[in-house]
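A short worksheet on the structure shown next.
The values are calculated or read from the model by the stated rules, or taken from the named source; none is laboratory data. Since this is a predicted model, take the numbers as computed values, not measurements. Neighbour counts are summed over all protein chains in view; Cβ atoms, including those assigned to glycine, are modelled from backbone coordinates with ideal geometry.
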Amino acid sequence: MDDVDAVQAQIARNMLDSGDWVTGRLDGIAYLEKSPLKYWLIEIAFRLFGVHDWVARLPVSLAAVILCWLTFRIGAWAFSLRAGFYAGLAMATSAGLFLFTRIQIPDVAITATIALAMWSFLRALDQNEPRGGFWSAVMAAAVGSGLLLKGLIAAVFPVAAALLYLAFTEQIASRETWNRLHPLRGILIALVIAAPWHILATLRNPPYFDLTMRSGPGEYHGFFWFYFINEHLLRFLNLRYPRDYNTVPRFYFWLFHLLWLFPWSVYFPAVAKLSFQPVDRGGRMRLLCLCWAGFLLAFFTFSSTQEYYSMPCYPALALLLSCAITDGRAAAWRRGGQIVLAAVATLAVLAIVFILSRVWSMPAPGDISRALTQHPEDYTLSLGHMGDLTLASFAYLRAPLMLAGVAFLVGAISSWRRRIAGVVVMMVLFFHAARLALVVFDPYLASRPLAEALNRAPQGTLILDNQYYAFSSVIFYAEAYHGRRALLVNGRVNNLEYGSNAPDAPTDVFIDDAGFRQRWLSPGLYYVCVEKPQVERFERLVGRESLHTLAESGGKYVFVNR
């Protein structure tokens, strides 16, 4: 897809081409805001299997599988094999994990490293664990790997949760506790893993230690400042520039977890009946999960946040839910959750039947973009495109809707009959329906047909309107332009703005309207990718007769100048 999805794959591809594993680049511009491990994993996959879109998704897919297995293993170790099974099942079939692994973001991988760190922490403290030193080293290695996935939160979240746990259990001042955790050795292990890249990135992108607390246009302070000050501190304070992001209102950030952990979130009230006394392994794990999820949610309550930022607490919540499902003390509350789930699934079936009845005879010409509205101001949120849906757009989604209706019908019947297996079937069918819906949305969310048209056409100079992200999948799929820079019309904004101010940044990437007009009306062969709302602007700029349509898909166009 366009936006961050294709951007991540393209950065990895550029690393593969250049051999530079330190500094990510897009269109020749340094891209300094993200940690590199996700790019390295994609690059390794490209080396093994070739450059394909499905290959780029392998690291995220494998991370999701590892996370579900890890959640199962933690639950089986702390509670019982049955509870571990439900914990892994809740993780694998939760709506949030499915939704937020459709795009190339490292959150599922960082979630796995934090879960491993938390489990290792508790095992290192366990008096009955014969290899406590080994597990303390595993915790440190997990933190170090996480630092290369998503920065300092990989250390902040597990360390803060661990300190809270030690405070609640009155172990924080115990010499034996720290002897078992080996903190100095752990810091060394984490630094050995994470420090080399941070040092190299700082040395290759000077100045080295600028500590300016101001962020504004046209400024360049090197990698260290941008990565640590701008991306970590100023983003937390909501003062980062460029402000190419948004934040979910706090109330909805908390409330949405009922959706992200659906259908298992109906058992959250039953969690209140569990024991959190650290008198046995199960109680200690439940208390740790409470510290783990509680700190993370509180942290993002005071920070700018996206819908998926809380994913690292999903395993903790899944483990608590698995206890609620299997603990006899929560039986009455569990039955209440089953009734709620049955009611929700029944209402979903009725809503789907109503929508289908309204759109069944509606025509569905072309692709779904013809029936959608656009709200660009919402696209800084990961689910911003949900607001583009209209009633008419569901005419293009009849097949996914019918399958979703069957899924919820199975879930409703199973919940009324207290059959959890049916709930799992519901989610598997629903995920397949969601996948079919994404296929329908593909022309709108991606630009592959435009790239294929460019591959068939005579080679010229490629121009993208606005920022790189808007047509990032064109760059990935347009093999005819692989290794060549695209020109960006008024595209010196958002993610590429900071790198464009670096001393070694190319000067021939960004052009304004006048520069576009000069090139377009020259004898050279040029192509420009434009979104539908901007077509009229280009007609005024160079004349309608100069814009010859090469391809159109999903409300986006490729024009050629002759």
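Meeting the requirement of 3 or more residues that are of a type outside the set (Gly, Ala, Ser) and farther than 16 Å from residue 424 by Cβ, the helices (runs of 4 or more DSSP H) wholly within the stretch 35-103 are 37-49, 53-56, 58-78.
Within the option set 430, 394, being under 30 Å from residue 335 (Cβ atoms) and either touching a Cys at 6+ places or on another chain (Cβ under 7 Å) or in contact (Cβ under 8 Å) with a residue 24 or more places away in the chain (or both) holds for one residue only, 430. Within the stretch 318-358, being basic (Lys, Arg) and closer than 24 Å to residue 74 by Cα holds for 329, 334. So is residue 318 in a helix (DSSP H, G or I), closer than 22 Å to residue 96 by Cα and not assigned by TED's automatic domain parsing to the domain that holds residue 81 or not? No: the conditions fail for residue 318. Scanning the stretch 123-152 for residues that are crowded, with 22+ Cβ neighbours inside 10 Å, hydrophobic (A, V, I, L, M, F, W, C) and touching a Gly at 6+ places or on another chain (Cβ under 8 Å) yields 124, 125, 139, 140, 143.
Counting only helices (runs of 4 or more DSSP H) that fall entirely inside the stretch 173-261 and contain at least 1 residues that are free of Cβ contacts under 8 Å to residues at least 40 places away in the same chain, farther than 29 Å from residue 139 by Cα and not basic (Lys, Arg), the qualifying elements are 250-255, 257-260. In the condition set (1) out of contact with any Lys or Arg (no Cβ under 8 Å at 6 or more places or on another chain); (2) surrounded by 16 or more Cβ atoms within 10 Å (Cβ to Cβ); (3) of a type in the set (Phe, Trp, Tyr), residue 223 is compliant with all but (1). When residue 451 is tested against (1) closer than 30 Å to residue 531 by Cβ; (2) surrounded by 22 or more Cβ atoms within 10 Å (Cβ to Cβ); (3) in contact (Cβ under 8 Å) with a residue 40 or more places away in the chain, just one condition goes unmet, and that condition is (3). Listed here are the strands (runs of 3 or more DSSP E) enclosed by the stretch 469-558 that have at least 3 residues being within 30 Å of residue 205 (Cα to Cα) and at pLDDT 95 or above: 487-489. A search for C-beta distances below 6 Å between a residue of the stretch 1-22 that is in the same structural domain as residue 435 (by TED's automatic domain parsing) and assigned to a helix (DSSP H, G or I) and any residue that is at pLDDT 95 or above and surrounded by 21 or more Cβ atoms within 10 Å (Cβ to Cβ), counting only pairs 6+ apart in sequence or on different chains, returns nothing. Can you name the residue in the stretch 133-165 that is closer than 16 Å to residue 288 by Cβ and among the small types (Gly, Ala, Ser) and is also farthest from the chain's Cα centre (by Cα) among such residues? So, considering only residues that are closer than 16 Å to residue 288 by Cβ and among the small types (Gly, Ala, Ser), the one farthest from the chain's Cα centre (by Cα) is 136.
Within the option set 527, 477, 498, being in contact (Cβ under 8 Å) with a residue 12 or more places away in the chain and either surrounded by fewer than 13 Cβ atoms within 10 Å (Cβ to Cβ) or more than 30 Å from residue 50 (Cβ to Cβ) (or both) holds for one residue only, 498.
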